[in-house]
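> Dumping the structure here so I can ask a few things about it.
The values are calculated or read from the model by the stated rules, or taken from the named source; none is laboratory data. Just so it is clear, the structure is predicted and the values come from calculations on it, not from any experiment. Cβ sites come from the backbone with ideal geometry, for glycine too, and all protein chains shown count toward neighbours. Quick note on the areas: whole protein, heavy atoms, side chains included, nothing else; ligands and nucleic acids left out. Shrake-Rupley method; radii C 1.70, N 1.55, O 1.52, S 1.80 Å.
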Amino acid sequence: MSERSGHELSEWFHAHGITEVECLVSDLTGILKGKIMPAGKYLNGGRPRLPDSIFIQTVTGGYPDDEDIRFWNPAERDMQLVPDPGAVYLVPWADDPTAQIIHDCFYLTGEPVELSPRSVLKRVLALYESRGWRPVVAPEVEFYLVKTNTDSDYPLEPPIGRSGRQESSRQSFSIDAVNEFDPLFEEMYDYCEAMDLDLDTLIHEEGAGQMEVNFQHGDPLKLADQVVIFKRTLREVALRHGMYATFMAKPMAHEPGSSMHVHQSLLDIKTGHNLFASDDGEPSRLFHHFIGGLQAYLPAAMPFFAPNVNSYRRLVRSETSGSAPVNTEWGFDNRTVGLRVPVGEAVATRVENRLGGADCNPYLAIAASLACGYLGMLSQLDPRPPMVGSAWSSGSKLPDDIGPALATLRECKPLADLLGERFVNSYLAVKRAEHAAYFGVISSWEREHLLLRV
């Protein structure tokens with residue numbers, strides 16, 4: 001959707017008969033928050049406000065302890081939400097004509113709210129722009145369709161398709177397995193077309209009821225917007241068809257996890273030339289330095305790619321892990337590495353970051369990946385030699401749980417300087433609070449094996 005001025009936005013509202021506006025902001029988890037307003041009030045200067053404390057709220061609705069947020073402003077300052085004219089979408093499932101608009105957050109003094117995930121990504125993109133570089137990304141998002149489950153004590157199950165049966169085996173790339181859910185996907189595509197989402201392909205992944213949607217390559221900010229809107233849309237469509245759609249990294253113990261892979265390339269703003277390819281068609285020095293930066297800084301950035309306790313259940317090598325990476329090795333056309341380089345024409349030279357789980361916040365995952373590559377290009381870091389054969393044989397070189405991951409991020413000053421120190425401190429505080437809440441829950445495994453035996 002092309003960018004619109006205020007006048008063009010008014011015309012768009014009129015053309016679609018818009019009566020309500022959903023003013024949306026992504027929190028740290030990727031949950032969309034905001035306010036609903038009458039369209040007339042919105043167009044006549046109504047500027048919704050939210051407290052900045054939404055960016056230190058945990059996924060459970062709580063907040064970090066006072067000691068963890070001593071850097072925070074306790075006044076909970078108001079933020080003014082400013083619409084991005086390029087992030088205006090219909091709400092195709094609404095009974096009344098409704099628009100959903102993604103907003104940027106500014107304090108009443110005019111300064112941007114540095115804790116907003118969208119602001120973090122824009123901050124990184126501005127660094128690239130200042131050097132005449134334009135990153136291009138293409139996300140690939142995996143998810144599961146599962147039976148409705150209203151009791152969280154019970155494991156999830158694959159849904160029942162048109163045949164009346166559940167999947168019971170791996171059916172990677174099966175067309176028939178996708179066709180089992182044709183009514184759901186037809187409605188999903190209708191909704192996405194109404195919103196101008198740039199979907200490319202749909203495939204069946206390894207797990208039972210696991211699918212993947214690929215997005216067309218493009219501007220990182222617009223693609224992050226589209227991923228959060230897509231997640232919301234798919235959940236709604238699934239509910240309408242009597243099932244859930246989940247983007248948990250590892251929703252079922254005996255099925256592979258779900259990822260969000262991000263393909264990344266780099267263009268010269270003036271010429272449009274792919275800077276990852278040399279004149280002879282071979283990968284350029286900038287390309288190698290970008291990978292060097294990913295290898296150097298991705299271990300510290302893991303809380304942005306694996307933000308939850310559940311995320312690390314995906315990043316292990318086992319019979320049920322699928323092709324999830326366990327290190328930051330790189331290689332050509334190699335799906336065992338964390339950084340895969342697809343083989344193709346020079347103009348399409350890119351690197352695929354395979355570390356992210358489907359549960360990550362797309363703004364933060366894309367920002368962190370670009371930040372790591374940026375640091376590598378600035379410092380001219382050389383990568384390790386490309387991996388030939390299986391990268392799993394080299395073992396894990398990533399944090400194996402959220403606790404060590406947060407500790408590693410806390411010690412990485414270059415990332416904090418680039419992403420914003422106050423943002424990183426806030427993110428760490430929120431994730432530590434979530435970890436503490438999780439640690440306070442006694443699991444069924446503990447009751448099963450320890451209750452009467454220890």
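> Of these, Ser130, Ser163, Ser152, which one is more than 21 Å from Glu255 (Cα to Cα) and at pLDDT below 95?
Ser163
> Another question about this same structure. What strands (runs of 3 or more DSSP E) completely inside region 323-385 contain at least 2 residues that are open to solvent by 10 Å² or more (accessible area, probe 1.4 Å) and on the phi > 0 side of the Ramachandran plot? If you could, list the steps in order and put the result at the bottom.
On the way: elements: 330-332, 339-341, 351-353.
Of the strands (runs of 3 or more DSSP E) lying wholly inside region 323-385, none has at least 2 residues that are open to solvent by 10 Å² or more (accessible area, probe 1.4 Å) and on the phi > 0 side of the Ramachandran plot.
> Filter region 303-322 down to residues that are surrounded by 24 or more Cβ atoms within 10 Å (Cβ to Cβ) and out of contact with any Lys or Arg (no Cβ under 7 Å at 6 or more places or on another chain), then give me how many there are.
Qualifying residue count for the region: 5.
> Just to check your reading of the model, which residue among Leu156, Leu145 is touching a Phe, Trp or Tyr at 6+ places or on another chain (Cβ under 8 Å), touching a residue at least 40 places away in the same chain (Cβ under 8 Å) and assigned to a strand (DSSP E or B)?
Leu145
> Something else about it: Taking region 37-50, which residues are touching a Ser or Thr at 6+ places or on another chain (Cβ under 8 Å) and exposed (fewer than 15 other Cβ atoms within 10 Å of the Cβ)?
At the first step, the residues of region 37-50 found to be touching a Ser or Thr at 6+ places or on another chain (Cβ under 8 Å) are 38-39, 43.
Across region 37-50, the qualifying residue is only Pro38.
> Check off (1) touching a residue at least 60 places away in the same chain (Cβ under 8 Å); (2) open to solvent by less than 10 Å² (accessible area, probe 1.4 Å); (3) not aliphatic (A, V, I, L, M) for Ser53 and give me the number that stays unchecked.
Going through (1) touching a residue at least 60 places away in the same chain (Cβ under 8 Å); (2) open to solvent by less than 10 Å² (accessible area, probe 1.4 Å); (3) not aliphatic (A, V, I, L, M) one by one, Ser53 breaks only (1).
> Only one of Asp225, Asp280, Asp268 is touching a strand residue (DSSP E or B) at 6+ places or on another chain (Cβ under 8 Å) and either surrounded by fewer than 22 Cβ atoms within 10 Å (Cβ to Cβ) or on the phi > 0 side of the Ramachandran plot (or both). Can you tell me which?
Asp268
Residues checked against (1) under 21 Å from Glu180 (Cα atoms); (2) polar (S, T, N, Q):
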| site | (1), (2) |
| --- | --- |
| Lys231 | yes, no |
| Met243 | yes, no |
| Ala249 | no, no |
| Thr271 | no, yes |
| Phe276 | no, no |
| Gln295 | no, yes |
| Pro299 | no, no |
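> Still on this model: If Glu193 passes every condition in (1) free of Cβ contacts under 8 Å to residues at least 60 places away in the same chain; (2) open to solvent by less than 10 Å² (accessible area, probe 1.4 Å); (3) within 30 Å of Lys122 (Cα to Cα) but one, which one does it miss?
The single condition Glu193 does not satisfy is (2).
> Evaluate the following for Thr60: is it in contact (Cβ under 8 Å) with a residue 40 or more places away in the chain, under 25 Å from Asn425 (Cα atoms) and surrounded by fewer than 15 Cβ atoms within 10 Å (Cβ to Cβ)?
Values: in contact (Cβ under 8 Å) with a residue 40 or more places away in the chain: yes; under 25 Å from Asn425 (Cα atoms): yes; surrounded by fewer than 15 Cβ atoms within 10 Å (Cβ to Cβ): yes.
Spelling it out, Thr60 is indeed in contact (Cβ under 8 Å) with a residue 40 or more places away in the chain, under 25 Å from Asn425 (Cα atoms) and surrounded by fewer than 15 Cβ atoms within 10 Å (Cβ to Cβ).
> Of the residues in region 34-76, how many are over 24 Å from the mean Cα position of the chain (by Cα) and under 30 Å from Ser10 (Cβ atoms)?
Just the residues of region 34-76 that are over 24 Å from the mean Cα position of the chain (by Cα), to begin with: 36-49, 65-76.
Then drop every residue that is not under 30 Å from Ser10 (Cβ atoms), which leaves 36-49.
Of the residues in region 34-76, 14 are over 24 Å from the mean Cα position of the chain (by Cα) and under 30 Å from Ser10 (Cβ atoms).
> Do we have any residue at all in region 172-190 that's under 27 Å from the mean Cα position of the chain (by Cα), of a type in the set (S, T, N, Q) and outside any helix (DSSP H, G or I)?
Yes.
> Would you be able to say whether some residue in region 4-26 is among the basic types (Lys, Arg), more than 27 Å from Thr246 (Cβ to Cβ) and surrounded by 13 or more Cβ atoms within 10 Å (Cβ to Cβ)?
Kept after step one, since they are among the basic types (Lys, Arg), are these residues of region 4-26: 4.
Restricting the remaining residues to those that are more than 27 Å from Thr246 (Cβ to Cβ) gives 4.
Now restrict to residues that are surrounded by 13 or more Cβ atoms within 10 Å (Cβ to Cβ): 4.
The answer is yes; a qualifying residue exists.
> Can you pull out the residues in region 391-447 that are in contact (Cβ under 8 Å) with a residue 24 or more places away in the chain, hydrophobic (A, V, I, L, M, F, W, C) and part of a loop (DSSP other than H, G, I, E, B)?
If the condition is that a residue be in contact (Cβ under 8 Å) with a residue 24 or more places away in the chain, hydrophobic (A, V, I, L, M, F, W, C) and part of a loop (DSSP other than H, G, I, E, B), then Leu398, Cys412 are the ones that fit.
> Related question: Could you run through region 14-38 and say how many residues are farther than 15 Å from Ile102 by Cα and touching a strand residue (DSSP E or B) at 6+ places or on another chain (Cβ under 9 Å)?
Result for region 14-38: 4.
> A further question on this structure: Among the residues that make up region 283-291, is at least one of them among the aliphatic types (A, V, I, L, M) and either closer than 30 Å to Ser444 by Cα or assigned to a helix (DSSP H, G or I) (or both)? Spell out the reasoning first.
So in region 283-291, the residues among the aliphatic types (A, V, I, L, M) come out as 286, 291.
Those left that are additionally either closer than 30 Å to Ser444 by Cα or assigned to a helix (DSSP H, G or I) (or both): 286, 291.
The answer is yes, given that some residue of region 283-291 is among the aliphatic types (A, V, I, L, M) and either closer than 30 Å to Ser444 by Cα or assigned to a helix (DSSP H, G or I) (or both).
> Please find, within region 386-425, the residue that is nearest to Arg314 (Cα to Cα) out of those that are of a type in the set (Val, Ile, Thr) and surrounded by 14 or more Cβ atoms within 10 Å (Cβ to Cβ). First the steps, then the outcome.
Residues of region 386-425 that are of a type in the set (Val, Ile, Thr), as a first pass: 388, 402, 408, 424.
Narrowing the set further to residues that are surrounded by 14 or more Cβ atoms within 10 Å (Cβ to Cβ) leaves 402, 408, 424.
Details: Ile402: 12, Thr408: 19, Val424: 24 Å.
Result: Ile402.
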